[in-house]
Amino acid sequence: MVTEDLTDSPEGIARAAEVLRGGGLVAFPTETVYGLGGDARDDLAVARIFDAKGRPRFNPLIVHVPDVAAARGYALFDDRAEAVAAAFWPGPLTMVLPLRDGSGLSPLVTAGLATVAIRVPAHPVARALLRAFGGPLAAPSANPSGKVSPTRAAHVRAGLSGRIEAVLDGGACAVGVESTILGLDGAAALLRPGGVAAEEIESLLGVALVAGGSAEKPNAPGQLASHYAPAAGVRLDVLRPKPGEVFVGFGPCDGAALTLSESGDVVEAAARLFHVLREADDLAGPSGRIAFAPVPEVGLGRAVNDRLRRAAAPRR
Ligand code: TXA
Ligand code: MG
């Protein structure tokens, strides 16, 4: 794939929005770092974000929206969230809030969680792009997994050229560190320090922020290991299912009730993963069993297997 270089002219922004509407990926500037954007409602676009970054697991992504009104369509705002939004948006602050029912977001964006991380960026080019696109953008930092976050278009090109459809050049990022992540689905928690000082949030809310584990660095690791577990029991790397098991195939599989990808495509398997987990669980029932065919440990197959191993982990 040849990565298009776009300028922050009206034509460049219109082209970027068109690429996003076609399910493509566009790296774009925010005031913190460059984000790798894709339509947050499109399972395949979100799966391709993980693929392009080479992420070995599906941690949840931040959803970018143009204003607080749009944010209310995806997350439930309490009084604290409204106050924080009024004080710090647009700006380098992300809130983790309860996910709204029927939000339409891909479950891959939230990694199947009941919460969503959401922010309104301040960068004029990000805002223009969000308005032109007219929908929510999932966007982690636009760097290969494990590499430093990019603050210039040239950094993005160095890491992701040939792996994404376009880079929208909006110059250097002013803040240079990621957004602060504030958890508000319970006691106000600092999940990641960043562009807005914790003290400013504390003085607004009038409470001390508790130190919170993020989905990446959970306080209690076991919590995450079985978090995505369906109610049914799960067996992996199954070639021949036992009688009564709901068999989920990958590639051609005899007797499969469901498939992660009929054609054996790991990106499609990632896009379908959370939907299939849910469907298989419904089919099996709480005391039933689900058997997954092997998924190759290549590309996004590694992230799919990581999530399936968590689903199969012993419960407590
Ligand atoms: O400044 C930023 O925030 C940049 C720009 C592009 O907006 N984005 C960014 O995204 O840093 P990313 O994907 O690299 O970081 C997202 C962080 C991860 O550490 C993830 O664990 C956390 O947000 N996160 C997302 N959703 C969450 C949730 N529902 N609960 C807890 N943590 C969440
Ligand atoms: Mg990052």
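Numbers below:
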item: Residue satisfying all of: in segment 15-37; small (G, A, S) and within 12 Å of ligand 1 (Cβ to nearest atom); farthest from S149 (Cα to Cα) among these; result: G37
item: Residue within segment 36-52 that is more than 18 Å from the chain's Cα centre (by Cα) and either of a type outside the set (V, I, T) or within 14 Å of ligand 2 (Cβ to nearest atom) (or both) present; result: no
item: Residue count, segment 134-165 (criterion: closer than 19 Å to E31 by Cα and away from ligand 1 (no atom under 14 Å from the Cβ)); result: 2
item: Meets criteria (within 16 Å of ligand 2 (Cβ to nearest atom), in contact (Cβ under 8 Å) with a residue 40 or more places away in the chain and surrounded by 22 or more Cβ atoms within 10 Å (Cβ to Cβ)) for A142; result: yes
item: Qualifying residues in segment 119-139 (those that are surrounded by fewer than 23 Cβ atoms within 10 Å (Cβ to Cβ) and of a type in the set (K, R)) - the one farthest from L184 (Cα to Cα); result: R131
item: Among (1) within 16 Å of the chain's Cα centre (by Cα); (2) in contact (Cβ under 8 Å) with a residue 60 or more places away in the chain - the single one A75 does not satisfy; result: (2)
item: Some residue of segment 162-171 being free of Cβ contacts under 8 Å to residues at least 40 places away in the same chain and either more than 16 Å from ligand 2 (Cβ to nearest atom) or open to solvent by 30 Å² or more (accessible area, probe 1.4 Å) (or both); result: no
item: Residue within segment 97-110 that is within 16 Å of ligand 2 (Cβ to nearest atom), open to solvent by less than 30 Å² (accessible area, probe 1.4 Å) and within 16 Å of P140 (Cα to Cα) present; result: yes
item: Counted residues, segment 145-159 - those being within 13 Å of ligand 2 (Cβ to nearest atom) and open to solvent by less than 20 Å² (accessible area, probe 1.4 Å); result: 2
item: Flag if P60 is within 16 Å of ligand 2 (Cβ to nearest atom) and crowded, with 24+ Cβ neighbours inside 10 Å; result: no
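The values are calculated or read from the model by the stated rules, or taken from the named source; none is laboratory data. Note that the structure is predicted; figures quoted are calculated from it, not measured. We place every Cβ from the backbone using ideal geometry, glycine too, and count neighbours over all the protein chains shown. Please note that ligands, DNA and RNA were not included when accessible areas were found on the heavy atoms of the full protein model with its side chains. Shrake-Rupley method; radii C 1.70, N 1.55, O 1.52, S 1.80 Å.
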